[in-house]
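Engineer: Handing you this structure, nothing more for now.
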Amino acid sequence: MLSQKPPSLTFTKVLCPQSIAGSLGGRLPPKGSKIGLLGGSFNPAHKAHCQISKEAIVHLGLDEVWWLVSPQNPLKDTNGMAPLPDRVKSALSIPKHPRVRVTTIESQIRSVYTADTLSRLRQIFPSVHFTWLMGADNLSQIALWRDWQNIFKTVNVAVFARPGYSLQSTNSKAAQRFKNTRISEKLARNLPKHSPPAWTIIHGQQLDISSTAIRNGLHKGSGHKA
């Protein structure tokens, strides 16, 4: 794996190319880049994050995947939430595809809601093609997210199948709301340059792993590490 410069953990009030680049690990994306965005607490990072990222690069033909290490997920309890530096360290330390980049850009732009993050990223990088990446478990409950419909209208979405969630996710409120904009998995490589809304479900290797299970295992002394 190629080494990445750690993203900045100090954030300025005024956005500028230097501060944005710092939160991305030192460099800005080239114009026309196809970038997947995988958001989460990464508390800790684990193999399923890596697998989704790899599947996205392969199936969508992405140039990079950015891990958006969240300041704080509004839908998650703060109890047991490791500090941002620890979660960034976890994301940096796990072996992953060399085109995966760990970022703190949500902290730099002061955003905790996905819809707001995507809107800001589109403003900052108007020539970059962003695709939101998420597991089927999140598609099942994305209707609980703030301004969730704007997520689909702002960027394209790639959903990755997870054990036990296939039927539930395809029958979800979001899947039904945007059913006419779903494209075939066979055409997934065309997704990044589609005009939103457009989304697909990708059936790759499905790992039944979660950060919560890993934390519980660690607390119980199992010694399991992702």
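The values are calculated or read from the model by the stated rules, or taken from the named source; none is laboratory data. Note that the coordinates shown come from a computational prediction; the quantities given were computed from them, not determined experimentally. Note that we place each Cβ from the backbone using ideal geometry, even for glycine, and neighbour counts take in every protein chain shown. When the accessible area is computed, the model is the full protein with side chains, heavy atoms only, and any ligands, DNA or RNA have been set aside. Shrake-Rupley method; radii C 1.70, N 1.55, O 1.52, S 1.80 Å.
Engineer: Cβ neighbours within 10 Å, averaged per peptide: list 124-131, 182-189, 45-52 in order, most packed at the top.
Structural biologist: Ranked by mean Cβ neighbours within 10 Å, highest first: 45-52, 124-131, 182-189.
Engineer: Quick one: length gained pulling residue 58 to residue 171 fully straight, 0.36 nm per residue minus the C-alpha distance?
Structural biologist: Length gained between residue 58 and residue 171: 38.0 nm.
Engineer: What is the gain in length, in nm to one decimal, between residue 33 and residue 72 on full extension, counting 0.36 nm per residue of separation less the C-alpha to C-alpha distance? Before the final figure, lay out each step's value.
Structural biologist: Values: separation 39, 0.36 × 39 = 14.04 nm, distance 2.74 nm.
Gain on extension, residue 33 to residue 72, equals 11.3 nm.
Engineer: How high is the relative contact order of segment 1-141, given as a whole-number percent (alpha carbon pairs under 8 Å, six or more residues apart)?
Structural biologist: 35
Engineer: Starting from a Cα-only point model with no solvent, please compute log10 I(q)/I(0) by Debye for segment 67-192 at q = 0.21 1/Å.
Structural biologist: -1.50
Engineer: A further question follows. Excluding ligands, DNA and RNA, what is the solvent-accessible area per residue of segment 101-192 at a probe of 1.4 Å, expressed in Å²?
Structural biologist: 45
Engineer: Can you give the percent of C-alpha pairs in segment 94-143 whose distance is more than 12 Å?
Structural biologist: In whole percent, the share of Cα-Cα pairs in segment 94-143 beyond 12 Å is 74.
Engineer: Compute the distance in nm between two label points, each set 7 Å from the Cα along the Cα-to-Cβ direction, one at residue 153 and one at residue 124.
Structural biologist: 2.3
Engineer: Roughly to the nearest percent, how much of the accessible area of segment 1-98 is carbon and sulfur, given a 1.4 Å probe?
Structural biologist: C and S atoms contribute 58 percent here.
Engineer: According to a simple spin-label model (label point 7 Å from Cα along Cα-to-Cβ), what is the distance in nm between residue 79 and residue 195?
Structural biologist: 4.9
Engineer: I've got another one for you. Residue 112 to residue 182: extension gain in nm, 0.36 nm per residue of separation minus the Cα-Cα distance?
Structural biologist: Gain on extension, residue 112 to residue 182, equals 22.5 nm.
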